[in-house]
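Inspection log for the structure reproduced underneath, given as structure tokens.
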Amino acid sequence: MTRSLLIKPNMDDFYPKAVRGSGIYLFDDSGKQYLDGSSGAVTASLGHTVPEIIEAMHEQSKKLSFVYRSQFTSDPAEKLAEKLNQLVNAETDYWSFFVNSGSEATETALKIAIQYWQERGQDKKNKILSRWISYHGITIGALSMSGHVKRRERFVPLLENYPSISAPYCYRCPFNLEYPDCQLFCASELETAIQRVGVDHVAAFIAEPMIGAAGGVIVPPKGYYEQIKEICDRYDILFIADEVMTGIGRTGKMFGLDHWNVKADIIALGKGMSAGYSPIAAALANEKVMMSIVDGSKSIMSGHTYSANPQSAAVALAVIDYIEKNQLVDRVKESGTVLFQKLANLKNNYPIIGNIRGKGLMIGIEFVADLKTKIPFNKAKTLTKLIVETARNKGLLLYPASAGKDGIDGDAIIISPPFTITKEEIDLLVTLFEETLRDVQARLEENI
């Protein structure tokens, strides 16, 4: 066999070769079927080879696939910006800056936030506050905002020290408190961080509505984001919502923050915008932010070669149209309730399951060695990897995630199938997952 020159995530791991997809399934070159229980990286929200999306791709490719944003605009890009503004459904308009990935979207959000204050003559306001146990992307700016210790460690000398407050991790409260008696101390910690840095230096605070890869779908309690937004408004700093994973219907609402009835000043989108059919992401800024720039320099200092290309914009429009026509956001809410309950039913039989959490079709499962103490498994057991690989061998794809007190020592996975999953397919997913748990738990018992 010829040596592969493709750089893969882990050079020693085996990766089957995918050759086609159909609905919620993928097939490798041996003909083996995989149920896409994670929508890839929580991305392929409509499943694979949807005819309407393929048709939209084909039709746009016959007209125009690429123009450079500093030379032309296009109907698909203009219409997509209008559509996203409608979806936010706020009292103010939101303008769209299109990029190619979630990392680019959050980094663009960072730049817009800092430029907003520059346009207002407050150049000192250039710090972004964020949370530990968070992930906002792999570019240097996005990684600086990320509180993902393992992904930061190689690049610490290049990164800003933006992570400042604790995650709203009720299963492992960093303050050893209980909700609601805690009085949302994890939210009020933001006020302390602002005061320590100095309000004259803070441009914005960024957060994932539900923490994905860094925490295995950590869902804040009721009242958390309401208090976060109130603090941001009181201290006159911008609130950035990283909706790359939670946006466009994944949680049973169009945007993750909608569960708390809160609107951010800047929104980062990606993944589900095109459901994996074409690379596209966006940073959306509200009227307050944009008018300072429109009345000032009139240009946001950011951009990429493929930003706002008509091919990807047409795909995103087709994806959103498909979601709305088929009422998939409501379906996600209903299917998520069914899937969550079926997964919760496994907890009594598999004591390695410590916590199940999530909303809609974004569900996280954290694993522990001891249910009472919540002690994680020894990292030498590489439990997350074992679970993901065992599931894949059975034909089920899961997404690995971090967990634990500092987001380092724990094990977790994310289950996030396409919005189109049927009740029968939910049953199959749960069956394959239970078979995975049975095999993994048996293997752990053999090694005790």
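The values are calculated or read from the model by the stated rules, or taken from the named source; none is laboratory data. This structure is a prediction, so every number in the text was calculated from the model and none was measured. Positions of Cβ are generated from backbone atoms using ideal geometry, with glycine treated the same way; all protein chains shown enter the neighbour counts. Ligands, DNA and RNA are excluded from the accessible area calculation, which covers all protein heavy atoms including side chains. Shrake-Rupley method; radii C 1.70, N 1.55, O 1.52, S 1.80 Å.
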Counting only Cα, what are the radius of gyration and maximum Cα-Cα distance Dmax of the stretch 354-448, in Å? 13.4, 41
In straight Cα distance, which lysines are under 17 Å from Lys125, not counting same-chain residues fewer than 8 positions off? Lys111, Lys288
Give me the distance between the Cα centres of the stretch 404-445 and the stretch 9-76, rounded to whole Å. 23
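With a ≥ b ≥ c the root eigenvalues of the C-alpha gyration tensor of the stretch 137-251, is it rounded (a/c under 1.5), prolate (a/b larger than b/c) or oblate? Don't jump to the answer; show the numbers that get you there.
On the way: a/c = 1.42, a/b = 1.14, b/c = 1.25.
Judged from the Cα gyration tensor, the stretch 137-251 comes out rounded (a/c under 1.5).
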In the chain, taking the dipole from +1 charges on Lys and Arg beta carbons and -1 charges on Asp and Glu beta carbons about the Cα centre, the listed residue (Ala105, Tyr25, Asn261) farthest towards the positive end is Tyr25
What residue among Val19, Val329, Val262 has the largest mean-square fluctuation in a Gaussian network model of the chain, using Cα springs under 10 Å? Val19
Can you list the lysines whose alpha carbon sits under 19 Å from that of Lys372, skipping same-chain ones fewer than 8 residues off? Lys347, Lys405
Report, in whole Å, the centroid distance computed from the Cα atoms of the stretch 247-283 and the stretch 313-329. 13
Could you estimate the translational diffusion coefficient of the stretch 71-227 from the Stokes-Einstein equation, with Rh from the Kirkwood formula over C-alpha pairs, at 10 °C and 1.306 mPa s, in whole µm²/s? 92
To the nearest Å, what is the center-to-center distance of the stretch 78-94 and the stretch 158-230, using C-alpha atoms only? 28
With a 1.4 Å probe and all protein chains kept in place, how do His136, His304, His58, His48 rank by accessible area, largest first? His58, His304, His48, His136
Excluding residues fewer than 8 positions from Lys32 in its own chain, the lysines with Cα under 19 Å of it are Lys17, Lys394
Rounded if a/c is under 1.5, else prolate if a/b is larger than b/c, else oblate: which is the stretch 13-152, with a ≥ b ≥ c the root eigenvalues of its Cα gyration tensor? oblate
Need one word for the stretch 238-332: rounded, prolate or oblate. Basis is the Cα gyration tensor (sqrt eigenvalues a ≥ b ≥ c); a/c below 1.5 gives rounded, then a/b vs b/c decides. oblate
Sequence-distant or interchain residues sharing an amide H contact under 5 Å with Ala282, placed H: which? Val99, Leu269, Gly270
Treating only the Cβ atoms of Lys and Arg (+1) and Asp and Glu (-1) as charged, compute the dipole magnitude of the chain about its Cα centre; round to the nearest 20 debye. 760
Can you give me the solvent accessible area of Thr422 with a 1.4 Å probe, rounded to the nearest 10 Å²? 50
For Leu238, list long-range residues whose amide hydrogen, built 1.01 Å from N in the peptide plane, is under 5 Å from its own amide hydrogen. Ala204, Phe205
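Using a 1.4 angstrom probe on heavy atoms only, work out the carbon and sulfur share of the accessible area of the stretch 106-261 in %. Working shown, then result.
Details: 2920 of 6020 Å².
Taking all protein chains in place, the stretch 106-261 shows 48 percent carbon and sulfur surface.
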Per DSSP, loop GluC sites (Glu not before Pro) in the stretch 172-273 with at most 15 further Cβ within 10 Å: Glu178
